[in-house]
Amino acid sequence: MTPRCFILGRPQFEPTYQQFLNELVPPQEAAWREDSTATSAERLVEFAGRVCYLSFGSRQSGKTTREYIRNLIRNGHESVLEHAVWTLGLCGVSRAFSHQLVRHRTGFSYSQLSQQYHDESDGRFVKPQRLEQVPAAAKIWEQATASAQKAYREMLVALDTAQGGEPSAHRRELLRELRSAARSVLPNASETALVITANARALRHFLRVRGATIGDTEMRCVSAALYDLIQPEGPALFEGFSRKTLPDGLPVVEHRNLV
Ligand SMILES: Cc1cc2nc3c(=O)[nH]c(=O)nc-3n(C[C@H](O)[C@H](O)[C@H](O)COP(=O)(O)OP(=O)(O)OC[C@H]3O[C@@H](n4cnc5c(N)ncnc54)[C@H](O)[C@@H]3O)c2cc1C
């Protein structure tokens with residue numbers, strides 16, 4: 001199973017910026033010469049940066065949007081990048097992966113499929129890429145995950161029977177309790193799904209520290225899927241990153257400091 005990533009929400013820069021600008025500067029200075037190739041996310045960030053210095057009209061230099069944003073990043077004025085926010089849907093990833101992902105606290109918001117409210121009896125498992133090359137190890141993995149799932153199902157039935165199997169007024173909460181107990185045998189490989197909202201600064205940080213973690217192939221694959229999806233949304237915002245394929249056939253997202 002490969003990670004799958006979808007954009008559910010993206011920055012939308014509104015023409016009302018002009019009204020706002022008219023409030024801030026005299027009419028002869030309330031003009032912003034925009035780069036027609038810039039994306040909505042890039043325009044939003046550039047505009048926010050320019051408001052800091054009111055560098056519109058005669059105060060605007062000849063920089064392109066890419067140059068302007070590169071300068072923000074190089075100078076460490078990266079909080080401006082936090083205005084560009086995306087909401088993403090992510091599935092085909094393991095709970096082992098999501099546990100690492102949610103360690104990223106700053107500029108990220110998460111909603112994750114619940115193993116308490118969702119019955120995992122038919123849940124899928126994410127097989128580590130490495131096992132594809134070693135059939136003997138893959139077979140052990142398949143037996144182990146099938147065995148864990150069987151135990152999960154049998155435990156749910158046993159627990160439900162033990163409490164009487166009677167429809168209860170609090171059935172929903174009871175099932176939650178039973179699934180909580182039964183899920184304790186589910187492996188790290190259990191597939192999960194998340195909705196993630198993250199800003200450009202936080203995404204850059206994530207890609208920088210996670211994209212090239214050589215020994216963590218699932219993290220590399222998700223980072224690459226994320227980069228492929230988000231980079232066209234704001235090439236200037238994700239400058240400094242590049243996508244490669246390593247000899248193991250799997251992707252890596254590398255970072256270099258902007259000069
Ligand atoms: C290769 C690798 C190996 C790892 N191994 C382990 C491991 O063995 N065990 C383990 O527990 N974790 C491990 N981690 C997770 C790591 O410690 C971080 O929890 C995770 O990468 C999130 O990074 P972050 O805190 O920079 O991100 P975020 O939480 O998104 O924070 C972003 C940035 O905001 C700032 N910040 C956020 N919170 C604070 C704060 N409270 N105080 C001050 N500054 C703050 C920091 O500058 C931080 O870099 C590993 C990570 C990597 C990349």
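The values are calculated or read from the model by the stated rules, or taken from the named source; none is laboratory data. It should be emphasised that the depicted structure is a prediction, and the values quoted were computed from it without experimental measurement. Cβ sites come from the backbone with ideal geometry, for glycine too, and all protein chains shown count toward neighbours.
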- Looking for whichever is more than 16 Å from the ligand (Cβ to nearest atom) and out of contact with any helix residue (DSSP H, G or I) (no Cβ under 6 Å at 6 or more places or on another chain) here; the options are GLU254, GLU177. Which one fits? GLU177
- Which ones in the range 180-202 are touching a Leu at 6+ places or on another chain (Cβ under 7 Å) and in a helix (DSSP H, G or I)? ALA181, ALA182, ALA200, ARG201
- Task: Output yes when any residue across the range 189-208 is more than 16 Å from the chain's Cα centre (by Cα) and either within 14 Å of the ligand (Cβ to nearest atom) or of a type outside the set (D, E, K, R) (or both), and no when none is.
- Result: yes
- Considering the range 205-220, residues that are in a helix (DSSP H, G or I), in contact with a helix residue (DSSP H, G or I) (Cβ under 7 Å, 6 or more places away or on another chain) and not polar (S, T, N, Q), and then whichever is surrounded by the fewest Cβ atoms within 10 Å (Cβ to Cβ), we arrive at ARG210
- List every residue pair whose Cβ atoms sit under 9 Å apart, with the two residues 6 or more apart in sequence or on different chains, where the first one lies in the range 101-121 and is in contact (Cβ under 8 Å) with a residue 12 or more places away in the chain and more than 16 Å from the ligand (Cβ to nearest atom) and the second, anywhere, is in a loop (DSSP other than H, G, I, E, B) and of a type in the set (A, V, I, L, M, F, W, C). GLN112/VAL102; GLN115/LEU186; GLU120/LEU186
- Note on the structure: In the range 125-159, residues that are surrounded by 13 or more Cβ atoms within 10 Å (Cβ to Cβ), aliphatic (A, V, I, L, M) and either within 16 Å of the ligand (Cβ to nearest atom) or part of a loop (DSSP other than H, G, I, E, B) (or both) total 1
- State the number of residues belonging to the range 71-109 that are surrounded by fewer than 18 Cβ atoms within 10 Å (Cβ to Cβ), among the basic types (Lys, Arg) and in a helix (DSSP H, G or I). 1
- Are there any pairs with C-beta distances below 8 angstrom linking a residue in the range 170-190 that is surrounded by 14 or more Cβ atoms within 10 Å (Cβ to Cβ) to a residue that is among the β-branched types (Val, Ile, Thr), with the two at least 6 apart or on different chains, and if so which? PRO187/THR145; ALA189/VAL126; ALA189/THR145; SER190/VAL126
- Given the residues ALA202, ALA225, which is the only one that is touching a Pro at 6+ places or on another chain (Cβ under 6 Å), in contact (Cβ under 8 Å) with a residue 60 or more places away in the chain and either over 25 Å from ALA144 (Cβ atoms) or loosely packed, with under 14 Cβ neighbours inside 10 Å (or both)? ALA225
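So that you can scan it fast, the table gives a plain yes or no per residue for (1) surrounded by 17 or more Cβ atoms within 10 Å (Cβ to Cβ); (2) farther than 30 Å from TRP141 by Cα:
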residue: GLN18; (1), (2): no, yes
residue: THR37; (1), (2): no, yes
residue: GLY49; (1), (2): yes, yes
residue: CYS52; (1), (2): no, yes
residue: ARG59; (1), (2): no, yes
residue: SER111; (1), (2): no, no
residue: TYR117; (1), (2): no, no
residue: GLY123; (1), (2): yes, no
- Evaluate the range 224-244: report whether one residue or more is more than 17 Å from GLU42 (Cβ to Cβ), within 15 Å of the ligand (Cβ to nearest atom), modelled with pLDDT of 95 or more and not aromatic (Phe, Trp, Tyr). yes
- If the Cβ limit is 6 Å and pairs must be 6+ apart or interchain, which residue in the range 19-35 that is in contact (Cβ under 8 Å) with a residue 24 or more places away in the chain pairs with which residue that is surrounded by 11 or more Cβ atoms within 10 Å (Cβ to Cβ) and assigned to a helix (DSSP H, G or I)? GLU29/GLY57; ALA30/LEU21; ALA30/ASN22; ALA31/GLY57; ASP35/THR65
